[in-house]
1. In the chain, what % of DSSP beta bridges are antiparallel (nearest 5)?
2. Over segment 41-100, what relative contact order in percent results from Cα pairs under 8 Å that are six or more residues apart?
3. Only four residue types carry charge here, +1 at the Cβ of Lys and Arg and -1 at the Cβ of Asp and Glu. Report the dipole size of segment 1-143 about the Cα centre in Debye, rounded to the nearest 20.
4. Which residue fluctuates most in the GNM of the chain (Cα springs below 10 Å): Arg12, Arg175, Arg66?
5. Pull up the cross-link candidates among the lysines for Lys11, meaning alpha carbon to alpha carbon under 21 Å and not fewer than 8 places away within one chain.
6. For the chain, with only Lys/Arg (+1) and Asp/Glu (-1) charged at the beta-carbon, what is the dipole magnitude about the Cα centre, in debye rounded to 20?
7. Hey, can you rank 189-195, 106-112, 162-168 by average C-beta count inside 10 Å, highest first?
8. How much net charge surrounds Cys54 when only the other residues with a Cβ under 15 Å from the Cβ of Cys54 are counted, with Lys and Arg +1 and Asp and Glu -1?
Amino acid sequence: MFTTLQYRILKRISPGSPDCCTGSVYVGKSKLAILLGDDFLSKISGKTIIDFGCGEGVEAIEMAQRGAKRVIGIDIREDLLQKARQKALTAGIQDTCLFASSTRELADIIVSIDCFEHFADPAGALRLMNMLLQPAGEMLVSFGPTWYHPLGGHLFSVFPWAHLIFNQEALIRWRSTFKADGATRFSEVAGGLNQMTIRKFEALIENSTFRLATLELVPIKKFRRFHSRLTREFTTAIVRCHLVKENSLRAKIPEGEVAA
């Protein structure tokens, strides 16, 4: 009964698919420069790069056009890979920018943008990234919104924090009125949604073969003055970090010194 009531409220508030988290803010701009910084684009020349979770390939293609020696876009969705391949062909870089569901090539740099909140098995993804990264390589990650962000429910955020107010059953039932893929939980929707939080991500890295060289929690502009260690789960817009392999990090520490 309670779920049915929630469903009816959702139908009244949003009878169709809401237009949120579409990425329209990046139209006409370099998402790589905005999320990873202009310095990133200046250091990719001659490098082999894997875009892990490449989607339709926009960022992978930009890296190839900006001087990367080779870019491999990896994604599990073949429909997105097909679109990415067509875009690379249209751009005339199909020989240096490839798209596939897997690869055996090793990368100097792995990039993962807007993926860690979607991976069905984020720990498994990290293990695979470790296998695909050169020993002295680096990984750059940017993702968000995380689960407690006002729009952390992505499609399910019909208003701020709606995904925390309504239960999963009601939200999935509401979604089924305009999506016919048979998803029964958040993790089964297109692209997946694993309810990633900042705390979960930090624990994930702590239990992996990677270590954080840098971690930046970019606050929501309107909540900047309230952003702190205590409020970060609710006021962080983007999580971005620089990861290195643990053995690589240790190799940089002079003998006799201990990493914090």
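1. Numbers: 15 of 33 bridges.
Of those bridges, close to 45 percent are antiparallel.
2. On the way: 111 pairs, mean separation 22.0, N = 60.
Reported relative contact order: 37 percent.
3. On the way: 16 positive and 17 negative charges, 63 e Å.
It works out to roughly 300 debye.
4. Arg12
5. Leaving aside lysines fewer than 8 places away in the same chain, those within reach of Lys11 are Lys179.
6. Working: 33 positive and 27 negative charges, 156 e Å.
With Lys and Arg at +1 and Asp and Glu at -1, about 760 debye.
7. Working: 189-195: 16.7, 106-112: 21.7, 162-168: 18.3.
Top of the packing list down: 106-112, 162-168, 189-195.
8. Working: positive: Lys31, Arg70, Arg77, Lys83, Arg85, Lys87; negative: Asp51, Glu56, Glu59, Glu62, Asp75, Glu78, Asp79, Glu105, Asp114.
Net charge in that neighbourhood comes out at -3.
The values are calculated or read from the model by the stated rules, or taken from the named source; none is laboratory data. A quick note: this is a predicted structure, and the numbers were derived from the prediction, not measured. Backbone-built Cβ (ideal geometry, glycine too); neighbour counts: all protein chains shown. Accessible surface areas use protein heavy atoms only, side chains included; no ligands, DNA or RNA. Shrake-Rupley method; radii C 1.70, N 1.55, O 1.52, S 1.80 Å.
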